[in-house]
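Trainee: Before we start, here is the structure in question, set down as structure tokens.
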Amino acid sequence: MHIMEGFLPWQWCLLWWILALPCLMLGISRLKKLLAADREALPLLGVTGGFIFILSSLKLPSVTGSSSHPTGTGLSAISFGPWITAVVCAIVLLFQSLFLAHGGLSTLGANIVSMGIVGPLAGYAVYRLLRDTPVNIYITVFLVTALADLFTYITTSVQLALAYPAETGGFVSSFILFLGILPLRRFPLQLLKELSLHWCLNISSPRYPDTVEHFL
Amino acid sequence: MRFKYSLEIITVIAIGVFCAVFIYTSSSLPGAGFSGTDTTGSELVANLSGQPVEHFKPLIPQWQPPGAEIESSLFALQAAIGGILVGGVLGYWLGQKKKT
């Protein structure tokens, strides 16, 4: 979900840009350090970026007669952490706003915060929490990717509800409305998408252990 | 013991589920446009603000794809870029593995 160009007042656009920029700078700094220390990380970075490119272009139908796409940020968050993921997401979102008119330059900060920062942060937190526990790695990867998507949608709902509080009920009322159209109705399908996509990846590990182990 | 064709079976099941959802929704909701969350969200913003969607003008001028076909092909281009990256690197890794 992107907030489209012109659909956020400039004050909110500015605020979200102010929040996004330090995270992006931190991500660029981490990326430089990573590549300076290990050039072999570059191909994996390409894979996780490519994965976000693919998944965020796949619009899949839902039972409500609408369509949605997963973000694919979970794998990048697991592999490189949330800050580098923010940089990768910013590139994807910039491409979509420039060439597809999905999102926009003024709302790019808000979209980076939701898809590139909060979603991956939530996913990464779950990963760190479950990494050293007996929880099955398939379940961990599934939870990371599903929650990264869910938190992206929740953040977008917050951003829109803050900018457009309902006349009666204010922010809470508006948030519930956005929550209804964005994450809740799509969550079961989102889970299914993540489940199928990441099971495919995980199950291929016995065949290509050297490649897939990077993701785990 | 892992079943030999589990990846293929899960892939087929996933494709089947999405086809079933599409067919079911198309038949039970005639006229379902399968619009994206961007569109639905923008419509709700318009409702809440009491202004039609057309009144929301870009703060920064933005290029729009001239038609739905061009937009679809640009989405396909995005997927292709991702596919080239993923496929290229996986191929590179497999090539390296074969060398060793």
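Trainee: Identify all residues within the stretch B:16-38 that are touching a helix residue (DSSP H, G or I) at 6+ places or on another chain (Cβ under 9 Å) and either modelled with pLDDT of 70 or more or not in a loop (DSSP other than H, G, I, E, B) (or both); write none if there are none.
Mentor: B:Val17, B:Phe18, B:Val21, B:Ser35, B:Thr37
Trainee: Further question: Specify which of the listed residues (B:Thr25, B:Thr100, B:Thr40) is hydroxyl-bearing (Ser, Thr, Tyr) and more than 8 Å from chain A (Cβ to nearest Cβ).
Mentor: So the residue among B:Thr25, B:Thr100, B:Thr40 that is hydroxyl-bearing (Ser, Thr, Tyr) and more than 8 Å from chain A (Cβ to nearest Cβ) is B:Thr100.
Trainee: Which residues, taken from the stretch B:39-62, are within 26 Å of the chain's Cα centre (by Cα) and not in a helix (DSSP H, G or I)?
Mentor: Within the stretch B:39-62, B:Phe56, B:Lys57, B:Pro58, B:Ile60, B:Pro61, B:Gln62 qualify.
Trainee: Moving on. Taking into account only those residues within the stretch A:122-142 that are at pLDDT below 85 and assigned to a helix (DSSP H, G or I), which is surrounded by the fewest Cβ atoms within 10 Å (Cβ to Cβ)?
Mentor: A:Ile139
Trainee: Considering each residue of the stretch A:55-78, count those that are modelled with pLDDT of 85 or more and over 13 Å from the mean Cα position of the chain (by Cα), and give that number.
Mentor: 0
Trainee: Within the stretch A:12-22, is there a residue that is within 12 Å of A:Val88 (Cα to Cα) and not small (Gly, Ala, Ser)?
Mentor: No, every residue in the stretch A:12-22 fails to be within 12 Å of A:Val88 (Cα to Cα) and not small (Gly, Ala, Ser).
The values are calculated or read from the model by the stated rules, or taken from the named source; none is laboratory data. Since the structure is predicted, the reported quantities are computational estimates derived from the model, not experimental observations. We place every Cβ from the backbone using ideal geometry, glycine too, and count neighbours over all the protein chains shown.
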